[in-house]
Amino acid sequence: MSEQPDTGATIIEKFEKYAQSCFCAIAIFTPDDEVMSDNIKYLQARPNVIYEIGWFCGKIGRDKVILLLKEGTTIFSDFGGIIQKRFKENIAEKVSEIRKDLEQMKL
């Protein structure tokens with residue numbers, strides 16, 4: 001997206017413009033943000049990534065969204081219905097699985 005011309009007044013407007021043409025989405029959740037809730041500390045994905053996967057689920061459907069989840073990342077229960085591909089160190093661990101999913105989507 002950073003390579004595309006700016007459009008609109010905000011980053012979210014730019015995101016929405018270019019995301020309109022996507023037929024599938026791959027979200028990568030990594031343990032980037034430390035959160036403290038009820039005296040329990042956990043690691044979660046950045047809020048913008050969480051927002052974006054929700055946007056894509058609503059726009060193109062959950063069946064066109066792939067969630068890559070790095071071990072150690074806490075995930076919201078709302079995302080339990082999305083198929084997750086968990087990796088330990090690098091998303092390359094899941095390349096063949098992702099390829100199969102994309103072929104199934106006929107992309």
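The values are calculated or read from the model by the stated rules, or taken from the named source; none is laboratory data. Everything quoted here is computed from the prediction, not taken from an experiment. Heads up, the Cβs are rebuilt from the backbone with ideal geometry, glycines too, and the neighbour counts pull from every protein chain shown.
Miscellaneous remarks
- Considering Ile82, Ile40, Ile50, the condition of being in contact with a Leu (Cβ under 9 Å, 6 or more places away or on another chain) and either modelled with pLDDT of 95 or more or not polar (S, T, N, Q) (or both) is satisfied by Ile82 alone.
- Looking only at residues in segment 1-19 that are farther than 16 Å from Ile53 by Cβ and in contact with a Gly (Cβ under 9 Å, 6 or more places away or on another chain), the one that is surrounded by the most Cβ atoms within 10 Å (Cβ to Cβ) is Lys14.
- Test: residue in segment 100-107 that is closer than 23 Å to Gln4 by Cα and either touching a residue at least 60 places away in the same chain (Cβ under 8 Å) or surrounded by 11 or more Cβ atoms within 10 Å (Cβ to Cβ) (or both): yes
- Enumeration of residues in segment 56-80 that are buried (at least 16 other Cβ atoms within 10 Å of the Cβ) and either of a type outside the set (Val, Ile, Thr) or under 17 Å from Phe23 (Cα atoms) (or both): Phe56, Cys57, Ile60, Lys64, Val65, Ile66, Leu67, Leu68, Leu69, Lys70, Phe79
- Residues satisfying the stated conditions in segment 85-99, i.e. free of Cβ contacts under 8 Å to residues at least 60 places away in the same chain, in contact with a helix residue (DSSP H, G or I) (Cβ under 9 Å, 6 or more places away or on another chain) and of a type in the set (A, V, I, L, M, F, W, C): Phe87
- Some residue of segment 16-36 being basic (Lys, Arg), farther than 22 Å from Gln4 by Cα and free of Cβ contacts under 8 Å to residues at least 24 places away in the same chain: no
- Checking Lys88 against (1) at pLDDT below 90; (2) farther than 26 Å from Ser2 by Cα; (3) not aromatic (Phe, Trp, Tyr), the condition it does not meet: (1)
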